[in-house]
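Rule-based calculations on the coordinates, nothing more; no lab input. Everything numeric here is computed off the predicted structure, so don't read it as measured data. Cβ coordinates were reconstructed from backbone atoms using ideal geometry, including for glycine residues, and neighbour counts include every protein chain displayed.
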Amino acid sequence: MGGNAIENTRRLQANEYRALEVNIVEKLGTIYPELHPLPYYRQKPDFGDLDIVVPKPKLERKEFEAFLKDIGSRQAVYNSDNISFEYQDFQIDLIFVEPEQVQSAIFYYAFNDLNNLVGRIAHKLGLKFGWDGLNYQIRTESGHRAESLLLSRDPAAIYQFLGYDYSRWQQGFDSLEEIFEFVISSEFFNPEIYDDENLNHINRTRNRKRKTYSSFLEWLKTREQLPAYQFEKDKSIYLIRTHNAFESADFFGQLKAYAQRIQDYEKRYAKFNGKLVQLWTGLEGKALGQIMQSYKSSQDDFDNWLDKHDKDQIEVDFKEFIGNFPN
């Protein structure tokens, strides 16, 4: 996405873009039965790329490259679940998602950077809003055992929580200004959350490259009066509201289950870990990792086996296990 993955491509005027969209969607339909070009505002004058959400599974790369050859494409760039390719000197971006994520992906990516802007409000409420829905991100100091808890992929429920009218989104937008008016319509809007000093380095760098984001900041300067919701510094204050808004997600239940998983992990780690095995064997590096993996594979359910034995028993069993190996 963004129109920069393929070199030497051109921008298309709206009428050219619509004709090419029909053309390439028809061709892609021979290999992918379900395609979802993203909605855009009606007065958009020109386009740098065409974004299409596609349900998985993806074709094997060899098969897809045969398709590209058939349509005369000169270049493709593969980036995880995104494929950008050239068609008639224009960039086409395919965004592959799981079938259950299709609607949330279309919703999030539609209308330029609208939901990138809305996502700042979600962040201030302690949540992460992205193409895969609204999530609560559990972070740890080391990053180890961090986890994302899904709250909702339902666009209406997400917008209601963030203070937006989903029915207005469904009507579409005529112009960027209408999109910007929509962004500031939330009861939680505060222009300060978009300032560079309130963003981390990654977001600052990314947003500077986004033309719509920059245009929004310039547009805000023309407004004489703007709402300014005051967010709490302690985001945990919003946890109860989050839980109540998404009852079917059982947010507190998910947090409790996560805490139990961490507790179980720590108990198991105390009984069997790299430092202990190094102490028992003197091994390091690759050899250490290999013997640990071999030992884990010796049990059908290694975690369950750890739960049933204490540390001393595990040490004895492990030493018997490695006794079967040559030096």
- [ ] Sort the following peptides by mean Cβ neighbour count (other Cβ atoms within 10 Å, averaged over residues), highest first: 171-183, 278-290.
- [x] 171-183, 278-290
Open item on the list: Straight-line reach only, C-alpha to C-alpha below 20 angstrom: list the aspartates and glutamates that residue 296 could link to, leaving out same-chain residues fewer than 8 apart.
Closed with: 264, 266, 284, 307, 310, 312, 315, 317, 320
TODO: Quick one: work out Rg over Rh on the C-alpha atoms of the chain, Rh as Kirkwood radius.
DONE: 1.07
- [ ] With the Cα gyration tensor of the stretch 272-322 in hand, give its eigenvalues times 5 under a square root as the equivalent ellipsoid semi-axes, listed largest first in whole angstrom.
- [x] 18, 12, 9
Task: Residue among 127, 306, 28 with the largest mean-square fluctuation in a Gaussian network model of the chain, springs linking Cα atoms under 10 Å - done: 306
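Please work out the Cα convex hull volume for the stretch 1-96 and give it in Å³ per residue. If you can, show how the numbers build up before the last one.
Numbers: hull volume 8.7 nm³, N = 96.
Here the figure is 91 Å³ per residue.
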TODO: Arrange 295, 269 by Cβ neighbour counts within 10 Å, fewest through most, would you?
DONE: 269, 295
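Would you mind calculating the gained length between residue 70 and residue 324 on full extension (0.36 nm times residue separation, minus the Cα-Cα distance), in nm to one decimal? Please list the in-between numbers first.
Details: separation 254, 0.36 × 254 = 91.44 nm, distance 5.71 nm.
Here the answer is 85.7 nm.
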TODO: Take 129, 321 and order them by how many other Cβ atoms sit within 10 Å, fewest up front.
DONE: 321, 129
- [ ] May I ask which residue of 71, 173, 188 lies farthest towards the positive end of the charge dipole of the chain, with charges of +1 (Lys, Arg) and -1 (Asp, Glu) on Cβ and the Cα centre as origin?
- [x] 188
Task: Segment residue 269-residue 8, length gained on full extension (0.36 nm per residue, minus Cα span) - done: 88.7 nm
- [ ] Scale the Cα Rg of the stretch 103-249 by the rule-of-thumb value 2.2 N^0.38 Å and send over the ratio, two decimals.
- [x] 1.04
Open item on the list: If you take every residue apart from residue 185 with its C-beta less than 9 Å away from the C-beta of residue 185, what net charge results, scoring Lys and Arg +1 and Asp and Glu -1?
Closed with: -2
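Test of understanding: what is the full-extension gain from residue 258 to residue 30, defined as 0.36 nm times their sequence separation minus their Cα-Cα distance? All intermediate terms of the calculation are to be shown ahead of the outcome.
Details: separation 228, 0.36 × 228 = 82.08 nm, distance 4.34 nm.
Gain in length upon complete extension: 77.7 nm.
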TODO: Would you mind checking 128/233; 286/311; 267/308 for any pair whose Cα atoms are more than 20 angstrom apart?
DONE: 286/311
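Only counting other Cβ atoms within 10 Å, I'd like 153, 10 sorted with the fewest neighbours first.
Values: 153 20, 10 13.
Placing the least packed residue first, the sequence is 10, 153.
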